[in-house]
Amino acid sequence: MTPQVPGPAGTTPRDRLLDAAIDHFGQHGIGDTSLRGIAEALDTSHRMLIYHFGSRGGLLAEVTREVEARQRAVMTATYDTDLPPLEAGAKYWEETVEATLRYGPLFFELAAHAMQGKEHAAALRDELIAAWLPSVIELCRAIGIPEEQTEAHARLALGAARGLLLDLLVSGDREQVAQAADLLNRLLLLSAQVGGAAGPG
């Protein structure tokens, strides 16, 4: 997971409903609210939500996809500065934590649905890794990871970061998890400094 940022104002009824749902869930959480309950909170009808998103699961999957897209934009913006890598990493981590505390449970629930092959999460399954890799690979390239090892390092960074976010949600130990995130960043920089990790053999 990575932080939520305001998106552009929706230009279609579907976009506006999606923006409203993201704002609502960010403030109140998701819980077990029914589609009718969500519709009431968004000042619309459950039929409109079904028309645009198919089901409650479809709406939640689209919320997750959009939050993830906005978070990728935050990552790019945070690292595309003059901050040293460790400072940029710490800043981005704190932003990520804030978003995870709002949307993390939904993310991991929908990720599980994608793993289980549930129809409403089919598009999410295609994006959970693939949509992030290009941006993370570019970050690895920027800190000096050898080109032939950028994807492996990117997968390590993405997988480890998500594991730490799961740790945060389960343990609630924000300080220790932040220290582990800082260690991850330092290990990636160290790998860049020594020319990458040696391959097998």
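When each of 56, 102, 14 is tested for being farther than 30 Å from residue 185 by Cα, buried (at least 18 other Cβ atoms within 10 Å of the Cβ) and charged (D, E, K, R), the lone residue that passes is 56.
All of 59, 86, 49 fail the test of being in contact with an Asp or Glu (Cβ under 8 Å, 6 or more places away or on another chain), modelled with pLDDT of 90 or more, of a type outside the set (Asp, Glu) and over 19 Å from residue 132 (Cα atoms), apart from 86. Residues that are surrounded by fewer than 18 Cβ atoms within 10 Å (Cβ to Cβ) and either assigned to a helix (DSSP H, G or I) or modelled with pLDDT of 95 or more (or both) within the stretch 185-201 comprise 186, 187, 189, 190, 193, listed in sequence order. Looking at 81, 33, just one residue is within 29 Å of residue 16 (Cβ to Cβ) and among the β-branched types (Val, Ile, Thr), and that residue is 33.
Please tell me if residue 96 is of a type outside the set (A, V, I, L, M) and farther than 19 Å from residue 164 by Cβ.
Here the answer is no, as residue 96 does not meet what is asked.
Across the stretch 125-138, the number of residues qualifying as farther than 19 Å from residue 104 by Cβ and out of contact with any His (no Cβ under 9 Å at 6 or more places or on another chain) comes to 6. Under 18 Å from the mean Cα position of the chain (by Cα), crowded, with 18+ Cβ neighbours inside 10 Å and closer than 18 Å to residue 67 by Cβ - does that describe any residue in the stretch 129-137? Scanning the stretch 129-137 turns up at least one residue that is under 18 Å from the mean Cα position of the chain (by Cα), crowded, with 18+ Cβ neighbours inside 10 Å and closer than 18 Å to residue 67 by Cβ. Scanning the stretch 50-105 for residues that are closer than 22 Å to residue 36 by Cα, part of a helix (DSSP H, G or I) and among the polar types (S, T, N, Q) yields one hit, 64.
The values are calculated or read from the model by the stated rules, or taken from the named source; none is laboratory data. All values derive from a computational prediction rather than experimental measurement. With ideal geometry, Cβ positions are generated from the backbone for all residues, glycine too; neighbour counts draw on all protein chains shown.
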